[in-house]
Amino acid sequence: MQEYRMHLMLCAGTGCVSNRAFDIEKAFNRELEKHNLQNEIKVIDTGCQGFCERGPIMIVQPGDIFYEMLDEKDIPYLVEEHFLKGRPVEKHMYVPKDGEVPIPKLSDIGFFKKQKLIALANRGLINPENIDEYIGREGYTALAKVLTEMTPEEVIKEVKDSGLRGRGGGGFSTGMKWGFAHNSPGDEKYIICNADEGDPGAFMDRSIVESDPHVILEGMAIGAFAIGASHGFIYVRDEYPLAVERINKAIKDAREYGLLGDDIFGTGFEFDVSVNRGAGAFVCGEETSLIASLEGNMPEPRVRPPYPAVAGYKGKPTNINNVETWANIRHIINRGAAWYSSIGTETSKGTKVFSLVGKVNNTGLVEVPMGISVRDIIFDIGGGVMNGKKFKAVQTGGPSGGCIPESLLDTPVGYDTFAAIGSIVGSGGMIVMDEDNCMVEVARYFLAFTQAESCGKCTPCREGTRHMLDILTRITEGKGKEEDIDILLEMSELIGATSLCALGATAPNPVLTTIKYFRDEYEAHIKEGKCPAKECKALIQYTILPDKCTGCTLCARDCPVNAIAGERKGIHIIDPEVCVKCGICKAVCNFDAVRIES
Amino acid sequence: MIKYVLNGNIIEQEETTTILESASIQGIKIPTLCNNEHLTPFGGCRLCLVDVATEKNPDMKKLMPSCTAKIGEGLIIDTHSPKVIQSRRFILAMLISRSPKAEELRSIAKEIGLPEESSKQTAAEKYLFNDAPSIVNTNCILCGLCVRACAEIPMRDAISFSARGMERTVKTPFEKYAETCIGCGSCAYVCPTNTITIEEVV
Ligand SMILES: Cc1cc2nc3c(=O)[nH]c(=O)nc-3n(C[C@H](O)[C@H](O)[C@H](O)COP(=O)(O)O)c2cc1C
Ligand code: SF4
Ligand code: FES
């Protein structure tokens, strides 16, 4: 094998690729050749590095130099400066805040420093399409250990003792679930990897499948051995073509290496997997619905019990786990339950990947040890709220979760700590909101999502979420009534208690938590007809401050509905009857003369 | 022999049945809308919910649909707890709001004690009876009995659910005249709100 003195780990995840990472790669190869460096320095395409917002990104190894926002036209300069003259280029280094000094090393950047990588252990380190690189990083050694040294019972005990809980949202003990499927009678059993990832804003599963597909195959093979299955399904969200391509390539390579198929490692163990494309609805990710979809039926949840561990695919015992859950397995086997359970809190062990988005400076995927505070994630890793605005709340767990207000920012991350304050860890969404976000609108927005995704099988979710949405909408339109908060609370509690599946049962969470922590905002809308965050269009007016207006006419020219009148050098006035509250005037005004009032 | 507690009484029963069947043997009536003893249980209407706890954890009550949940050793089941009644009233109020003209729903409301007078209703019930905008104009409550009847009795699959959420409806394939329909009338027979009718074709 060719030896290189330097590797350029170029991110080829979906985010960076859409920012033209492949053009950057071509430019690098061209420039390296020009300087006759092609035998010394090699560009390697890696999976998603998590810092998508700064893409395209690249890490130079050895040296750990982190480059961001690469631009094709700067590549010749970068190659010459850094790789010929040995002077790393500041222009593309990370700068925490305007005016601060650039941070050259990845390991010194706040975004990466507080992270702990287990599920994403191979992040940025391997080419996901090359099985040898996975194997080079201890790949398939856990499977070998399981097949040659352990009994299924020992594997289950190890996973149970590790304290790993399902990362798909439910948070059920993985080891216990494996135990149920193992103990279910029958010799035809199945294993499923849930890669449907329907939570808006969450993309850790896509990232794992795209950047480290073999970790899923190895985890599933171990799970199959533990429960006694010989076939597995990977159910991938239809919108993830790159994930499908990478996992198919991984399966093909693993088969060629004898890591899937008959008689794996000569032990007689037989296991193979097939890939299925998701049927498109959020509810397809719910396990019984997913299984119905695999069977070719309408993807609709059914009442549990019986649980899939007893009667799953084709009525046979089936174990289903989430992508991130599977990605933890090989590390637990290789390093032991004691190591894994030493990370985290009493009831939440290991790490969790969050997708940190919204009004935070550093957005992206972050893997953190359980027990870290929400504040550390948002302020140390996330670099705080954008544009110096004030933090208001963070929605965790996607539309099924709840919001966490400023006063609870020190809550440690964990299943039970989050549940205690009305939210959930869920699949790991974290949407940061600032002072400009109206919390009634936030609740309305999330409920609109779940309502639209309700399958309609059961009465409370189908009818109830629609009624709640109607009420929230009328509040944001300034038509709320005194009794609305009571109605919302009553409906939330009853929909939560009576829905068939967790989609309906958790749908009221955003409403419950926003009422709990921001009741004053609801009351301002209902009683005073005001939106304190000045977001609800029906309750705000745009006005021009006479003492600030210079009469530059910019706003009048840009207003799409001609709502602004005024002479050049004279004070301008907005006609509230005509104004559609698009906010363009405020955005274009150079003198900060446009004000929103509520 | 299975021993469990039903509304405070110890029940011993030879075979495993659903809670609904077992309660019926004991002369306890649980309201249902989407269940029919000859068809596969559906668990969708949620009217038949009952409180279920275990001897080990008597305070950990969970609402379960009695049409699908089975009786089991050591279970403590309550078919008429305040929580159960409150839930049933809510479910029914939502269905009445959906299909105000369905007489059958009004008579179940009487049976389970959901009052029609605002003064005796909760905030949500009042909203559902008086204030909620009408969203669909149909007597179909999507219980799915017709769909299952057609699939399981004549085994024709002439009708099925289409779309999701509030847009969900029962339809024939491509909304055309269903070629597999043999006019047996099973669907109309099982419909709890008499939404499906049979016409004589000459
Ligand atoms: C509406 C709904 C959507 C869900 N979507 C997903 C999903 O996209 N991915 C996932 O892993 N689990 C999803 N789940 C959770 C699954 O039902 C199931 O609990 C999970 O796949 C089990 O794996 P785990 O134990 O490893 O978390 C969803 C649940 C509900 C109710
Ligand atoms: S809770 Fe919602 S998604 Fe789940 S079965 Fe009921 S209607 Fe369908
Ligand atoms: S009768 Fe049990 S849910 Fe409808």
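The values are calculated or read from the model by the stated rules, or taken from the named source; none is laboratory data. Just so we're clear, the structure is a prediction, and the values are computed from it rather than from any experiment. Note that we place each Cβ from the backbone using ideal geometry, even for glycine, and neighbour counts take in every protein chain shown. Side chains included, ligands, DNA and RNA excluded: accessible areas come from the protein's heavy atoms. Shrake-Rupley method; radii C 1.70, N 1.55, O 1.52, S 1.80 Å.
Counting only protein chains, not ligands or nucleic acids, how are A:331, A:214 ordered by accessible area (probe 1.4 Å), most first? Spell out each step's value before the answer.
Numbers: A:331 25, A:214 5 Å².
The residues order as A:331, A:214, largest area first.
Tell me, what is the FRET efficiency for residue B:73 and residue A:161 to the nearest 0.05, using R0 = 41 angstrom and their Cβ-Cβ distance as r?
Numbers: r = 29 Å, r/R0 = 0.72.
Computed FRET efficiency for residue B:73 and residue A:161: 0.90.
Within a 10 angstrom radius of each residue's Cβ in B:160-171, how many Cβ atoms of other chains show up on average? Whole number is fine. Walk me through the numbers on the way to the answer.
On the way: counts 1, 5, 1, 2, 13, 15, 9, 4, 5, 1, 0, 0.
Averaged over the peptide's residues, the number is 5.
In peptide B:83-96, how many Cβ atoms from other protein chains are near each Cβ within 10 Å, on average?
That works out to 4 on average.
Against the empirical 2.2 N^0.38 Å scaling, what ratio does the C-alpha Rg of the stretch B:1-63 come to? Working shown, then result.
Details: Rg = 12.5 Å, N = 63, 2.2 N^0.38 = 10.6 Å.
Working it through for the stretch B:1-63, the quotient is 1.18.
If the limit is 32 Å between Cα atoms, which of B:29/B:56; A:349/B:83; B:70/B:120; A:481/A:581; A:160/A:516; A:481/B:29 go over it?
Exceeds cut-off: A:349/B:83; B:70/B:120; A:160/A:516; A:481/B:29.
Scan around residue A:276 for amide H atoms under 5 Å from its own, H built in the peptide plane at 1.01 Å from N, and keep only partners 5 or more places away or cross-chain.
The list, which skips near neighbours in sequence, is A:234, A:235, A:236.
Roughly what would the spin-label model give for residue A:114 and residue A:153, points 7 Å off Cα along C-beta, in nm?
Inter-label distance under the simple model: 4.4 nm.
Need the list of lysines near residue A:42 for cross-linking: C-alpha distance under 16 angstrom, and skip anything on the same chain fewer than eight residues off.
By straight Cα distance, residue A:42 reaches A:26, A:34.
Quick one: plug the Kirkwood hydrodynamic radius of the stretch A:540-597 (C-alpha pairs) into Stokes-Einstein at 20 °C, 1.002 mPa s, and report D in µm²/s. It would help to have the intermediate numbers written out before the result.
On the way: Rh = 10.9 Å.
For these conditions, the coefficient is 197 µm²/s.
Pull up all non-local amide H partners of residue A:322: gap of 5 or more, or a different chain, and H-to-H distance under 5 Å with H placed in the peptide plane.
Placed amide hydrogens put A:167, A:168, A:194 under 5 Å from residue A:322.
What residues from the stretch A:245-286 fall in the zone where the backbone N is under 16 Å from a label point 7 Å along the Cα-to-C-beta line of residue A:129?
A:245-254
What whole number of Å gives the distance from the Cα centroid of the stretch B:13-46 to the Cα centroid of the stretch A:152-183?
The two parts, judged by their Cα centres, are 33 Å apart.
Hey, in the GNM for chain B with a 10 angstrom Cα cutoff, which one of B:28, B:135, B:76 fluctuates hardest?
Answer for the Gaussian network model of chain B: B:135.
For peptide B:39-50, how many partner chain Cβ atoms fall within 10 Å of a residue's Cβ, on average? Write out the running numbers ahead of the final one.
Working: counts 0, 1, 2, 5, 7, 12, 5, 11, 2, 0, 3, 0.
Per residue, the number of nearby Cβ atoms from other chains is 4 on average.
Going highest first, how would you order A:103-110, A:223-230 by mean Cβ packing within 10 Å? Provide the component values of the computation, followed by the final result.
Details: A:103-110: 17.0, A:223-230: 23.4.
Answer by packing, highest mean first, reads A:223-230, A:103-110.
Across the stretch A:286-302, in residue order, what do the Karplus-derived ³J(HN,Hα) couplings come to in whole Hz, using 6.51 cos²θ - 1.76 cosθ + 1.60 with θ = phi - 60° and x for Gly and Pro?
In residue order, the calculated couplings are 5, 4, 6, 5, 4, 5, 4, 5, 4, 7, x, 9, 5, x, 9, x, 10 Hz.
Is the stretch A:118-191 rounded, prolate or oblate when judged by the Cα gyration tensor, a ≥ b ≥ c being the square roots of its eigenvalues, rounded requiring a/c under 1.5 and prolate requiring a/b larger than b/c?
On the way: a/c = 2.14, a/b = 1.56, b/c = 1.38.
Prolate is the answer for the stretch A:118-191, as a/c is 1.5 or above and a/b outweighs b/c.
Above 34 Å lies some portion of the pair distances; for the protein assembly as shown, what is it as a whole percent of all C-alpha pairs? Walk me through the numbers before you get to the answer.
Working: 185913 of 319600 pairs.
Of all Cα-Cα pairs in the protein assembly as shown, 58 percent lie more than 34 Å apart.
What does the extension gain come out to for residue B:118 and residue B:57, with contour length at 0.36 nm per residue minus their alpha carbon separation?
18.2 nm
Can you give the calculated 222 nm mean residue ellipticity of chain B, where each DSSP H run of n ≥ 4 adds -39,500 (n - 2.57) and the sum is split over every residue, rounded to the nearest 500 deg cm²/dmol?
Details: 6 runs with 51 residues, N = 202.
Helix contribution divided over all residues of chain B: -7000 deg cm²/dmol.
Counting pairs of alpha carbon atoms under 8 Å apart in space and at least six apart in sequence, what relative contact order in percent does the stretch A:19-168 give? Working shown, then result.
Details: 122 pairs, mean separation 30.7, N = 150.
Averaging sequence separation for qualifying contacts and normalising by length gives 20 percent for the stretch A:19-168.
Please give, to one decimal in nm, the separation of the simple spin-label points placed at residue B:37 and residue B:167, each 7 Å out from Cα toward the Cβ.
The two pseudo-label positions are separated by 4.0 nm.
Is the C-alpha gyration tensor of chain B telling us rounded, prolate or oblate? Criteria: a/c under 1.5 is rounded; beyond that, a/b larger than b/c is prolate, otherwise oblate.
Oblate, because a/c is 1.5 or more while a/b does not exceed b/c.
What value, in deg cm²/dmol to 500, does the helix sum -39500 (n - 2.57) over DSSP H runs of n ≥ 4 give at 222 nm once divided by the residues of chain A?
Values: 22 runs with 211 residues, N = 598.
The helix contribution divided over chain A gives -10000 deg cm²/dmol.
Which whole-number percent gives the relative contact order of chain A, counting Cα pairs below 8 Å spaced six or more residues apart? Numbers along the way, then the final one.
Working: 1261 pairs, mean separation 66.6, N = 598.
Taking the mean separation of contacting Cα pairs over the length of chain A, I get 11 percent.
For the pair residue A:527 and residue A:5, how long in nm is the line joining their label points, each one 7 Å along Cα→Cβ?
7.3
Could you list the GluC sites (Glu not before Pro) in the stretch A:72-109 that lie in coil according to DSSP, counting only those with at most 10 other Cβ atoms within 10 Å of their Cβ? Let's see the in-between values first.
Values: sites: A:72, A:80, A:81, A:90, A:100; in loops: A:100.
Sparse-neighbourhood loop GluC sites (Glu not before Pro): A:100.
In the stretch A:62-132, how many lysine pairs have Cα atoms under 27 Å apart, counting only pairs 8 or more places apart or on different chains?
So the count works out to 15.
Report the rotationally averaged projected area of the stretch A:439-528 based on its alpha-carbon convex hull, in square nanometres.
Numbers: hull surface 19.2 nm².
Across all orientations, the stretch A:439-528 yields a mean hull projection of 4.8 nm².
Quick one: check the C-alpha center-to-center distance for the stretch A:199-256 versus the stretch B:88-154, whole angstrom.
The stretch A:199-256 and the stretch B:88-154 have Cα centres separated by 44 Å.
Post the alpha-carbon centroid distance, the stretch A:268-282 to the stretch A:481-507, in whole angstrom.
Using only Cα atoms to place each centre, the spacing works out to 35 Å.
Under the Karplus relation 6.51 cos²θ - 1.76 cosθ + 1.60, θ = phi - 60°, what is the ordered set of whole-Hz ³J(HN,Hα) values for the stretch A:81-91, x standing for Gly and Pro?
Ordered by residue, 3J(HN,Hα) equals 5, 7, 8, 9, 9, x, 10, x, 8, 5, 3 Hz.
Output the peptides B:5-17, B:121-133, A:149-161 sorted from most to least packed, where packing is the average of other Cβ atoms within 10 Å over each peptide's residues.
Working: B:5-17: 12.5, B:121-133: 19.0, A:149-161: 17.5.
By packing density, highest mean first, the sequence is B:121-133, A:149-161, B:5-17.
Calculate one ³J(HN,Hα) per residue across the stretch A:430-439 by plugging θ = phi - 60° into the Karplus curve 6.51 cos²θ - 1.76 cosθ + 1.60, and present them in order as whole Hz with x for glycine and proline.
Along the stretch A:430-439, the couplings run 9, 10, 8, 10, 10, 4, 7, 8, 7, 6 Hz.
Starting with the highest mean, order A:57-66, B:159-168, B:104-113, A:165-174 by the number of other Cβ atoms within 10 Å, averaged over the residues of each peptide. Mind showing how you got there, number by number?
Values: A:57-66: 19.7, B:159-168: 17.2, B:104-113: 15.0, A:165-174: 21.2.
Descending packing order for the listed peptides: A:165-174, A:57-66, B:159-168, B:104-113.
Taking Rh as the Kirkwood radius computed over C-alpha pairs, what is the Stokes-Einstein D of the stretch B:76-195 at 20 °C in a medium of viscosity 1.002 mPa s, expressed in µm² per second? Working shown, then result.
Values: Rh = 16.1 Å.
In µm²/s, the coefficient is 133.
When Rg is the radius of gyration of the Cα atoms in the stretch A:234-311 and Rh is its Kirkwood radius, what does Rg/Rh come to?
Values: Rg = 15.3 Å, Rh = 14.2 Å.
Expressed as Rg/Rh, it is 1.07.
Given axes a ≥ b ≥ c from the Cα gyration tensor, I'd like to know whether the stretch B:83-131 is rounded (a/c under 1.5), prolate (a/b larger than b/c) or oblate.
Working: a/c = 1.45, a/b = 1.07, b/c = 1.35.
Verdict is rounded for the stretch B:83-131.
Given C-alpha coordinates of the stretch A:351-434, what is the ratio Rg to Rh with the Kirkwood estimate of Rh?
With Rg and the Kirkwood Rh in hand, the quotient comes to 0.91.
Amide H of residue A:230 versus every other amide H placed in the peptide plane: which residues, excluding those fewer than 5 positions away on the same chain, fall under 5 Å?
Answer set, sorted by chain and number: A:189.
If ligands, DNA and RNA are left out, what is the accessible area of residue A:67 with a 1.4 Å probe, given in Å² to the nearest 10?
Solvent-accessible area, nearest 10 Å²: 0 Å².
Dividing the alpha-carbon Rg of the stretch A:131-341 by 2.2 N^0.38 Å yields what?
Numbers: Rg = 15.6 Å, N = 211, 2.2 N^0.38 = 16.8 Å.
Normalised Rg, Cα atoms only: 0.93.
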